[in-house]
1. Could you identify the single residue in Pro440, Pro418 that is outside any strand (DSSP E or B), in contact with a strand residue (DSSP E or B) (Cβ under 8 Å, 6 or more places away or on another chain) and open to solvent by 40 Å² or more (accessible area, probe 1.4 Å)?
2. Of everything in the range 41-60 that's touching an Asp or Glu at 6+ places or on another chain (Cβ under 8 Å) and part of a strand (DSSP E or B), which residue is surrounded by the fewest Cβ atoms within 10 Å (Cβ to Cβ)?
3. Residue by residue through the range 258-273, note down the ones that are buried (at least 18 other Cβ atoms within 10 Å of the Cβ) and under 30 Å from Ser334 (Cα atoms).
4. How many residues are open to solvent by less than 30 Å² (accessible area, probe 1.4 Å), in contact with a strand residue (DSSP E or B) (Cβ under 7 Å, 6 or more places away or on another chain) and not in a loop (DSSP other than H, G, I, E, B) when one looks only at the range 179-210?
5. Take the residues in the range 460-500 that are touching a strand residue (DSSP E or B) at 6+ places or on another chain (Cβ under 9 Å) and hydroxyl-bearing (Ser, Thr, Tyr); name whichever of them is most open to solvent (accessible area, probe 1.4 Å).
6. Just to confirm my filter: which strands (runs of 3 or more DSSP E) fall fully inside the range 67-171 and include at least 3 residues that are out of contact with any helix residue (DSSP H, G or I) (no Cβ under 8 Å at 6 or more places or on another chain), modelled with pLDDT of 75 or more and more than 26 Å from Leu330 (Cα to Cα)?
7. Could you check how many residues of the range 344-383 are of a type in the set (A, V, I, L, M), over 17 Å from Ala398 (Cα atoms) and assigned to a strand (DSSP E or B)?
8. Which residue out of Glu385, Glu378, Glu348 is closer than 25 Å to Thr303 by Cβ and crowded, with 19+ Cβ neighbours inside 10 Å?
Amino acid sequence: MAQATFNVARNLTFAAGSIFAVNVDANGGHSLLHVNGSTNLLGGNVSVTVANGSYAAKQEYLILNASGGVNGTFAGVLVNGLNLDPSLRYTSNDVYLDLVNPNASTSTSSSNASGSTSSGSSTSPSLPATVVTVAPGAMPLFSCTQLTSNQCSVEHALQQASTQTSTTLQPVLAALGEQTLASGRAALNSLDGEIYADADWLAAHQIADLRSLIDRHPLASDRDPWVEYVDGDTRVTGDGNAMGFSGHRDGVFAGVDVPINDQLQIGAFAGHARSTATLANGAYGSVSGPQAGLYARGLIGKTDAWYGNAIVGVGNPKVAVYRVPDVGGLAYASGANYREHAVGLAAEFGYHANVAGVDMRPFVAYDGGLARRSAVREVANAPTELMLQAHRTVVSIATLGVHASRNFVTSSGLGITPDFSVSLGRRLRKDGTAIDATLPAATDTAFSTQSARTGRMLASASGGARLRVTRNVSFSLDGAYAHARHENDRNVQARLNVTW
């Protein structure tokens with residue numbers, strides 16, 4: 001069938017979802033569809049079946065000719081040849097298939113409608129690599145030009161698995177081979193383990209957010225126990241590669257401020273924090289566990305105009321991940337439970353100035369977090385289970401901003417202090433986490449998956465009020481919003497202080 005020519009007497013239309021089957025071989029032979037009228041391409045896929053053989057570095061085939069012209073394009077092209085990358089080219093009357101073999105020498109071979117072949121090669125030619133085709137019913141390959149980086153990485157791992165006749169991944173490969181481009185991309189997304197990269201991201205950001213426990217409250221002259229509740233949402237949108245996620249975070253913390261003198265205060269805190277992430281394909285992850293640490297706050301200089309604070313904390317959250325790789329309805333429940341080891345450090349340095357009765361505090365700050373885990377293997381008796389390599393994730397942000405607050409006292413003696421802050425931060429490292437994984441069901445199937453990369457510039461605004469109910473009891477409520485490219489964070493903090 002590789003040399004066959006098919007004729008259509010009138011106009012022809014390829015609708016969305018249609019398949020145009022093409023056969024080619026390494027010697028330039030190919031099937032050809034000749035249309036005596038015009039051809040309208042409204043989508044559909046070109047499905048290429050290649051014969052075993054040695055293919056040149058680049059080989060082109062005329063696969064469709066229309067006397068009345070070609071209008072539109074196909075949605076994509078699939079090929080069942082391992083190591084061949086297909087693409088389509090269009091002229092006013094023709095559609096050409098280009099096959100690139102990266103393992104071959106630099107040579108080009110082309111064939112016309114009669115099947116004749118001409119070629120040219122580099123000055124140091126080598127024998128083209130032999131292309132092995134997937135068995136009938138197995139996986140036709142998608143071009144990486146039609147896939148995201150994550151999808152392409154998983155596809156290459158599956159290509160390697162498809163050459164192993166004993167692999168338990170064969171049912172998955174066969175099911176993937178029946179998918180359209182759109183459903184195939186969705187299947188590759190479900191296989192790539194992106195939720196694990198998102199869980200690493202959550203663990204590092206969770207421990208990096210310690211400064212919010214101490215940056216909005218004044219020094220106390222007495223021992224000052226406090227308890228604080230934090231609740232918020234995070235949304236990371238897709239960046240053209242990773243899907244992103246919708247997340248929620250909450251936590252309860254308690255601590256005590258201990259004054260050393262009029263200018264220095266130290267304290268300790270402990271609590272529990274939880275963060276979750278849900279992907280569009282149903283994958284879910286949670287990062288939940290204890291945190292504890294120490295902090296210090298103080299005034300600097302004889303005028304007490306300068307101030308500084310610093311906090312360090314550690315955490316040991318438990319990570320639970322659940323996902324369902326789904327290839328055309330062939331689905332396997334997978335997941336894992338493991339621990340992250342996290343450490344965070346934050347500091348703020350600023351200046352007090354009174355402007356028309358408003359306490360203005362311009363500041364510079366740093367927030368950092370490190371989360372580390374060992375290698376993880378999913379708990380699933382499924383061919384799509386993953387083995388994750390050990391990994392560490394770092395968050396590092398430098399910030400400039402200003403706090404503003406003012407004290408009011410009512411006639412009944414009730415104290416109210418509204419406050420407001422704005423800041424602009426820069427991530428000192430690119431945000432986003434890449435994990436390395438393998439498919440234990442087959443050998444040599446290593447691949448990488450990248451979580452969504454958010455912007456390096458992070459703008460935030462927050463506001464709230466502190467209410468002194470009695471001489472010894474105060475309550476505060478604050479809300480905050482932060483935004484970076486592909487990222488939005490909303491948080492609410494409620495804090496109760498008791499002094500004695």
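1. Details: Pro418 fails: outside any strand (DSSP E or B).
One residue alone meets the criteria, Pro440.
2. Here is the first cut: in the range 41-60, the ones touching an Asp or Glu at 6+ places or on another chain (Cβ under 8 Å) are 50-51, 53, 58-60.
Still in the running and part of a strand (DSSP E or B): 50, 53, 58-60.
Values: Val50: 25, Gly53: 16, Lys58: 19, Gln59: 28, Glu60: 20.
The extreme case among them is Gly53.
3. Going residue by residue through the range 258-273, those that are buried (at least 18 other Cβ atoms within 10 Å of the Cβ) are 265, 267, 269, 271, 273.
Within the range 258-273, Ala273 is the sole residue that qualifies.
4. 18
5. Within the range 460-500, the first condition is being touching a strand residue (DSSP E or B) at 6+ places or on another chain (Cβ under 9 Å), and the residues that meet it are 460-469, 472-500.
Among the residues that remain, those that are also hydroxyl-bearing (Ser, Thr, Tyr) are: 460, 462, 474, 476, 481, 499.
Working: Ser460: 41, Ser462: 21, Ser474: 9, Ser476: 4, Tyr481: 88, Thr499: 23 Å².
It comes out as Tyr481.
6. Details: elements: 70-73, 76-79, 85-90, 94-100, 107-111, 117-121.
It comes to 70-73, 85-90, 94-100.
7. Residues of the range 344-383 of a type in the set (A, V, I, L, M): 345-347, 353, 355-356, 358, 360, 364-365, 370-371, 375-376, 379-380, 382.
Narrowing further to those that are over 17 Å from Ala398 (Cα atoms): 353, 355-356, 358, 360, 371, 375-376, 379-380, 382.
Right, trim to assigned to a strand (DSSP E or B) and you get 353, 355, 358, 360, 371, 376.
Within the range 344-383, residues that are of a type in the set (A, V, I, L, M), over 17 Å from Ala398 (Cα atoms) and assigned to a strand (DSSP E or B) number 6.
8. Details: Glu385 fails: closer than 25 Å to Thr303 by Cβ; Glu378 fails: closer than 25 Å to Thr303 by Cβ.
So the residue among Glu385, Glu378, Glu348 that is closer than 25 Å to Thr303 by Cβ and crowded, with 19+ Cβ neighbours inside 10 Å is Glu348.
The values are calculated or read from the model by the stated rules, or taken from the named source; none is laboratory data. Because the structure is a prediction, the values reported are computed rather than measured. Backbone-built Cβ (ideal geometry, glycine too); neighbour counts: all protein chains shown. Surface areas here come from the heavy atoms of the whole protein model, side chains and all, with no ligands, DNA or RNA. Shrake-Rupley method; radii C 1.70, N 1.55, O 1.52, S 1.80 Å.
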